[in-house]
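*Asks:* Before I ask anything, let me first share the structure, which is written out below as structure tokens.
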Amino acid sequence: MSSTADVVDGISRLIHALDELFQTQTFEALVELVQQLGIGGPVSQALRAIGTVLEHLVDWITKLEKVAAIPTMLEALAPTMEQVRGITTTREEDLRAAGMNALVPLTSAARALFDVMNRVRQGAEAILKGLLDPAALARLRQSVVAFAATLKNYEDQLKAPPAKKRLPSNPGASTQTPAGAPS
């Protein structure tokens, strides 16, 4: 069974392969042909629409990267939670002996709160850890950004006036003067 990181990496490789395909000379020639046929406007609009979708995808990936960072943050809270636990483990008898009877209910409530918070932290960490690989998401975001840039480049090219190529007036005629002929 594939992990989430494998799936994300597979999508990243697919987008990277599409980007490479769009950067080939064949595709560049297709863009030139579209310009020469005078249909650059509609194709440019289609590329812009795809670019908009890719921008939204980058936004979603960025949000997923934030979710993927949660387990690291929760791990960082573990030492603090242990310190809080140390405070809440003061025995009720010790507090009463020290004349701090009013703190007994507070300590009991803090202990219960700590237990709940720690269980929630551990549960969230266990659920989210390994679910989303931050490195795989970063690779996916980069491949989407690169592909969007390639499409934007073609969109810009299609907005420009087509380059006029001069064709010879008589394609079968040779430009060289035959030997012995007057020049």
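The values are calculated or read from the model by the stated rules, or taken from the named source; none is laboratory data. Given the structure is predicted, the values throughout are model-derived calculations rather than measurements. As a convention, Cβ positions derive from the backbone with ideal geometry for all residues, glycine included, and neighbour counts pool all protein chains shown. Side chains included, ligands, DNA and RNA excluded: accessible areas come from the protein's heavy atoms. Shrake-Rupley method; radii C 1.70, N 1.55, O 1.52, S 1.80 Å.
*Asks:* Residue-wise, which Karplus ³J(HN,Hα) couplings in Hz belong to the stretch 101-115, taking 6.51 cos²θ - 1.76 cosθ + 1.60, θ = phi - 60°, and x for glycine or proline?
*Replies:* Working through the residues one at a time gives 4, 5, 7, 4, x, 5, 5, 5, 5, 5, 5, 5, 4, 4, 4 Hz.
*Asks:* Given the convex hull over the Cα atoms of the stretch 50-130, what projected area results after averaging over all orientations, in nm²?
*Replies:* 7.0
*Asks:* Also, I was wondering about something else. Report the residues of the stretch 1-39 in range of a label on Ala160: point 7 Å along Cα→C-beta, backbone N strictly under 17 Å from it.
*Replies:* Residues 23-39 fall inside that zone.
*Asks:* For Asp133, which sequence-distant residues (separation of 5 or more, or a different chain) have an amide H within less than 5 Å of its own amide H, given hydrogens modelled in the peptide plane?
*Replies:* So Asp133 has HN proximity to Ala5.
*Asks:* Can you compute the FRET efficiency between Lys152 and Arg121 using 1/(1 + (r/R0)^6), with r the Cβ-Cβ distance and R0 = 41 Å? Round to the nearest 0.05.
*Replies:* For R0 = 41 Å, the calculated efficiency reads 0.45.
*Asks:* Ok, one more. Given a 1.4 Å probe and every protein chain left where it sits, what share in percent of the accessible area of the stretch 1-108 is carbon and sulfur?
*Replies:* 64
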